[in-house]
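Notes to accompany the following structure.
The values are calculated or read from the model by the stated rules, or taken from the named source; none is laboratory data. Since the structure is predicted, the reported quantities are computational estimates derived from the model, not experimental observations. Here the Cβ is made from the backbone with ideal geometry for all residues, glycine too, and neighbour counts use every protein chain on show.
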Amino acid sequence: MAMDHRIEKIRWASLRERALADFRDFHFHWGGFWRWTGIVIGAFLIAALITLYFLDWNQMRGPIGRYVSAHTGRQVRIDGDLKVDLFRLQPHISVNGVFIGNPAWVGRPQAARLDHADIEFRLFPALIGNLILPLVRIDHPEILLVRDADFRTNWDSQTKGSAAKWKSPPIQRFLVNDGKVEIDDAVRKLKFLGTVSSQEQAGQSGAAFLLDGDGTLNGNKFLANVHGGPLIHVDQSKPYDFHADIHAGQTHAVIDGAIDHPFHLDRFHARAEFSGPSLADLYFLTGVVLPGTRPYRIAGALQRNGDFYSFTGISGAVGHSDLRGYLTVDVAGKLPDLRGQLSSRVLDFNDLGALFRGGKTAAVQGAWLMPDIPLHTERLRQVNGEVDYSADSIASRDFPLRGLATHISVQNGVLALKPLAFSFTQGKLSGAITINAQKSVPVTGIDARITDIHIDHFIKSADKPVSGVVEARAKLSGSGNSPHKVAASADGTVTLVIPSGEIRRSLAAWMGVNVLDALGLTLSGDRSSTQIRCAVADFSARNGNFQAGRFVFDTEPVRVDGQGSIDMKTESVNLSLQGKPKNFQLVRLKAPITVTGKLESPQLGVNAQPAVAQGALGVGLGLLSPLASLLAFIDPGLAKDANCAAALSDAKAQGAPVKASAVNRAAANDTAKAKK
């Protein structure tokens, strides 16, 4: 055993010595390394080519489907034949029955399907990473695009690392035969169903690429025609010109432009013209929230740079008002971010009414003065933005308006017009309007002030029986998705003040139903005036009912007190004004002046019941003596002056913009009258 162990030890020592000798004799040669490397790679390529040549590609449908499914997060499979011919300068791929599934939340299994597709690519450019497609042909594709109210979509990839924007490789022939597209967007309340096809067609100027769309968009007819030069001649280093003509219902868009880098659709510039019955309808084409308006036609320079869109050099008209300025939209975030500045040289005041009617005409706005047509306030939850608007002048037959300026802000479903300022020939109306649409039923708040508005500017005739300055404050809030619903649910206060002024003496006499004095002044043509000491009317609104609180109109000869209410649910008014003389009157009828009926066309009348009772009393006294009958019509004139200083001070405390000087002047007048 010992002998065997020594022999084995000697054998291993001999082997070790020979291995060390071989290592000492080894010399590395690069030529040999590259030669053997080339042999290995060549053998691998030959084996791969032989495998690909004899490969039955139908056996690869399953692995390919599983690979794509894993990278897209949804089921993808090939139900028909798959043929691949790689051994040509333009390898060809033919596939039948491609199915792409939806996420489980959609409720419909199929997102897309195509019967047949042919794809060719250039071999040598593809080997260096430059994919060029001489042919893409798709037969009978069916595509469903879905977005739910939570902004989930069935086209976003569900796997990580898939946020990069898709850009098409150059396509020299793009043919779509009888494609069907369905879009169901719960966010934009948009439903589209139609067909799409594309082809290369010969024309007077040679071949041209044509893309046609035909269908319905929210029940309205939709047509789209896009054409450009032949794709085979596209130079990737030069812009690709295109023309698009789109009809969606009565909305019409014409776009002439160029794609800056062909097949990179996120870069283009164009001249665009839009027209239609209301700017609000552009929402379905663009996703941008715009107000309801009268019919419009606007044009400008449209440009896209990735996620950033701009519409500059805007010019055109909305209704009878001109419009100019610019708008930009950044769509990088969850919500589009709208910015811009718009202005009008002349704003037609009647065009503002369309904002409350949602762009509807007066013939279809309903029976109410404040329209009950729903406004699309839910769209405020789908955009953020900051836009300035101004009008150099305002054309109005009823109001002496001079200009308008406002800043429009939409943030997280809350619209704010702040500040909102109308300037008059003298004075202004300023304040703010907010619409909180974060919930299904929006809440609207109004805080408005009228300062230094001259009454006589609202009287068109040369003869102005009343003059003075009006100050007012309205602070209201209401809920609902239409102007009528907001007014019918309004809570808050409204205060109107005339600190001082003048009124025709004959008119003041008629307000006090001073028959003899009023008739005498009127028949004689007397145009003398008397002082308006003060006028204050405040209303407290509760659930749309505006109840008069303090209501006094005080002149030197007559004090008028009012009472009543305005109901915005029915838009009816019921006010009573009782004039009381401050001096002895020989013949005075106790007949309050009434304002009743619909707010749109109130009726001015006289409540005859007190006068009838007064006449009955006169008849009864006449039985005693003819002269005694006059006693029923005699007024001793015991009405007291209103405490104007206190009334103005209370109005100022309620927020009416009454100047301190007006309160002090009223206090001095009250003191002077009291001394007399």
Subject >> Total residues in segment 202-220, condition part of a strand (DSSP E or B) and either over 22 Å from VAL136 (Cβ atoms) or modelled with pLDDT under 85 (or both) >> reply: 12
**OP:** Give the number of residues within segment 61-83 that are modelled with pLDDT under 85 and farther than 20 Å from ASN102 by Cα.
**Re:** 0
Original post:
For segment 218-228, what are the residues that are buried (at least 16 other Cβ atoms within 10 Å of the Cβ) and either touching a Ser or Thr at 6+ places or on another chain (Cβ under 9 Å) or of a type in the set (Asp, Glu) (or both)?
Top reply: PHE222, VAL226
Original post:
How many residues are surrounded by 16 or more Cβ atoms within 10 Å (Cβ to Cβ) and in a strand (DSSP E or B) when one looks only at segment 234-253?
Top reply: 8
Original post:
Among the residues of segment 301-344 satisfying the criterion of being under 17 Å from the mean Cα position of the chain (by Cα) and acidic (Asp, Glu), which is farthest from ILE394 (Cα to Cα)?
Top reply: ASP330
Subject >> Matching residues in segment 390-415 - criterion: being part of a strand (DSSP E or B) and either of a type in the set (S, T, N, Q) or crowded, with 19+ Cβ neighbours inside 10 Å (or both) >> reply: SER390, ALA391, SER393, ILE394, LEU401, LEU404, THR406, ILE408, SER409, VAL410, GLN411, LEU415
Subject >> Check on PHE424, at pLDDT below 90 and not assigned by TED's automatic domain parsing to the domain that holds GLU571 >> reply: yes
Original post:
Considering segment 546-583 alone, what residues qualify as being at pLDDT below 90 and in contact with a helix residue (DSSP H, G or I) (Cβ under 6 Å, 6 or more places away or on another chain)?
Top reply: THR555, PRO557, VAL558, VAL560, GLY579
